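First the structure, in the form of structure tokens, and then the observations on it.
The values are calculated or read from the model by the stated rules, or taken from the named source; none is laboratory data. In this text the structure is predicted, and so the values were computed from the model without any measurement. Reconstructed Cβ throughout: ideal geometry from the backbone, glycine too, with neighbour counts over all protein chains shown. Areas reflect the complete protein model, heavy atoms only, side chains present, ligands, DNA and RNA absent. Shrake-Rupley method; radii C 1.70, N 1.55, O 1.52, S 1.80 Å.
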Amino acid sequence: MKDEKVTRSRRALLYMPGDNWKMITKSITLGVDSICMDMEDGAAVNKKAEARATIAKALRELDFGASEKLARINSVGSGWEKDDIEAVLPHKPDGIVIPKVESYDHVEWAGRIIEDAELKNGWGVNSIRVLIGVETAKGILNLKEIAAHPRLDAVIFGGEDFAASIGATRTKDAVELLYARQAVVVACAAYDLQAIDIVAIDYRDLEALKAEAEQGARLGFSGKQVIHPNQVRVTQEAFTPSAEAIAHARRIVESFESSQKEGKGAYSLDGKMIDMPLLRNAQKVLARARAAERLVASRKLEGETRS
Ligand code: COA
Ligand code: MG
């Protein structure tokens, strides 16, 4: 299970309102890593029931190919969450996204219901993944406990909700979110989870998106939420290690092995010091590249078998 967590690539996670059949059918043509059909803020209050029924239909009828199929329920305590999860679970999504998580108990609530469904249907425990949105001041404060929940796969940081929660004004360089973004990355690294970064709501500005996605990758995020088809390619590229980065990582791994054999813990490569932390970083780059490659390969294979 642990291995599955790090190998499932989620470079871009695309939302659409769960009641929008047209957008759902479009999303499966985009080659996006994760598709998140939304019952929460993307679905209007008078569309919650329609969103539940439409997502259930999509899970039953559509072939999502190599894209991960996720359903986002309303937050625990909203009053909608139980009907949401019960409407979609029988149709076996790949994962459930719980927004605005503020405590371990919120995850536990969903985890129990999911496990019951897994046992009842003979799907195997942990076959349905759990991703959570952390996007409030309380969520960030309680991350230490929340991220330790054994069911979790990923933490998604909601920048707009968080800014509203602390009364911050959103800016282009997102300096007002830096503390919380780093808190999410650190908690995820401690518990071997994926960290998924903020949405760029100005979906026409692809230059700004590229800069923000690359910044997120540098901070340690493994992917980013997106809201429009145009954002998918730029985002997935930003979270795929470049050929140069992969080549450099490979050289570090290879040279590290030989330097260890020579009894040297630290050594020089191209005039720079290399030791254990740099090796670990290089291994992470290679793991990420392998995960992305695997997804691309399975997509190609599907394309071949479909045609
Ligand atoms: N997923 C799948 N398809 C989408 C999409 C999405 N998130 N957003 C737009 N599209 C489709 C449109 O249906 C349209 O399809 P068509 O060319 O087949 O007609 C095409 O992409 C171009 O869309 P465009 O006209 O540029 O956008 P729009 O004005 O229809 O929609 C938004 C703009 C922002 C309203 C829309 O992108 C959206 O609803 N995004 C998701 C918002 C969301 O879920 N928020 C909650 C989570 S943060
Ligand atoms: Mg949110």
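Which trypsin sites (Lys or Arg not before Pro) does segment 98-206 hold that lie in a coil by DSSP with at most 13 other beta carbons within 10 Å?
On the way: sites: K100, R112, K120, R129, K138, K144, R151, R170, K172, R181, R204; in loops: K100, R151, R170, K172, R204.
Answer in residue order: K172, R204.
Where does the charge balance sit around E115 when Lys and Arg score +1, Asp and Glu -1, over other residues with C-beta under 11 Å from its C-beta?
Values: positive: R112, K120, R151; negative: E108, D116, E118.
The answer is 0.
Lys and Arg at +1, Asp and Glu at -1: add these up for the other residues within a Cβ distance under 9 Å of D33 and post the number.
On the way: positive: R8, R10, R11; negative: E68.
Summing Lys and Arg as +1 and Asp and Glu as -1 gives +2.
Which percent, nearest 5, of DSSP beta bridges in the chain are antiparallel?
Percentage antiparallel, nearest 5: 10.
Treating cross-link reach as a plain straight distance, find the lysines whose alpha-carbon is under 29 Å from the alpha-carbon of K300, omitting any fewer than eight places away in the same chain.
Within the straight-line cut-off, K300 pairs with K2, K5, K22, K26, K57, K69, K92, K210, K224, K284.
Could you run the Karplus curve 6.51 cos²θ - 1.76 cosθ + 1.60 with θ = phi - 60° over segment 224-230 and give me ³J(HN,Hα) per residue in whole Hz, x for Gly and Pro?
8, 7, 9, 10, 9, x, 4
Report ³J(HN,Hα) in whole Hz for each residue of segment 137-152, in order, from the Karplus equation J = 6.51 cos²θ - 1.76 cosθ + 1.60 where θ = phi - 60°; Gly and Pro get x.
Ordered by residue, 3J(HN,Hα) equals 4, 5, x, 5, 4, 9, 4, 4, 7, 4, 5, 7, 5, x, 7, 6 Hz.
Once the other residues with Cβ under 9 Å from the Cβ of A282 are scored (Lys, Arg +1; Asp, Glu -1), what is the net sum?
Working: positive: R250, R251, R280, K284; negative: none.
Local charge sum for A282: +4.
Please go through segment 198-280 and write out the GluC sites (Glu not before Pro) that DSSP classes as loop and that have at most 10 other C-beta atoms within 10 Å. Mind dumping the intermediate values first?
Working: sites: E207, E212, E214, E237, E244, E254, E257, E262; in loops: E262.
Sites meeting the loop and neighbour criteria: E262.
Rg and Dmax in Å for segment 136-210, alpha carbons only: what are they?
Calculated on Cα positions, Rg and Dmax stand at 13.0, 38 Å.
With the contact rule set at Cα under 8 Å and sequence spacing of 6 or more, what percent relative contact order holds for the chain?
Details: 516 pairs, mean separation 52.3, N = 307.
Relative contact order of the chain: 17 percent.
Let me check against my output: what whole-number percent is the relative contact order of segment 243-306, with C-alpha pairs under 8 Å and at least 6 apart?
Numbers: 36 pairs, mean separation 22.3, N = 64.
In percent, rounded to a whole number, it is 35.
So what's the back-of-envelope 222 nm ellipticity for the chain, counting only DSSP H runs of four-plus at -39500 (n - 2.57) apiece and dividing by all residues, rounded to 500? Working shown, then result.
Details: 13 runs with 156 residues, N = 307.
Counting only the DSSP helices, I get -16000 deg cm²/dmol.
Give me the percent of the accessible area of the chain that comes from carbon and sulfur atoms, probe 1.4 Å, all protein chains in place.
So the carbon and sulfur contribution to the accessible surface is 53 percent.
Once a ≥ b ≥ c are taken as the square roots of the eigenvalues of the Cα gyration tensor of segment 243-306, is the result rounded (a/c under 1.5), prolate (a/b larger than b/c) or oblate (a/b not larger than b/c)?
On the way: a/c = 3.80, a/b = 3.28, b/c = 1.16.
Prolate, because a/c is 1.5 or more and a/b exceeds b/c.
With a 10 Å cut-off between alpha carbons and a GNM built on the chain, which of S67, S259, S222 moves the most?
It is S259.
Taking the dipole about the Cα centre of the chain, with the C-beta of Lys and Arg at +1 and of Asp and Glu at -1, give me whichever of V134, A249, V234 is farthest to the positive side.
A249
Taking 8 Å as the Cα distance limit and 6 or more residues as the minimum spacing, I'd like the relative contact order of segment 38-170 as a percentage. Before the final figure, lay out the partial values.
Numbers: 195 pairs, mean separation 26.9, N = 133.
Relative contact order, segment 38-170: 20 percent.
For segment 2-238, go through all pairs of different Cα atoms, get the mean of 1/r, take its inverse, and jot down that Kirkwood value in Å. Show your work: numbers first, answer last.
Numbers: mean 1/r = 0.0569 Å⁻¹.
The Cα-based Kirkwood calculation yields 17.6 Å.
Using a simple charge model, +1 on the beta-carbon of Lys and Arg, -1 on the beta-carbon of Asp and Glu, nothing else, what dipole does the chain show about its Cα centre, in debye to the nearest 20?
Values: 44 positive and 46 negative charges, 124 e Å.
So the magnitude is around 600 debye.
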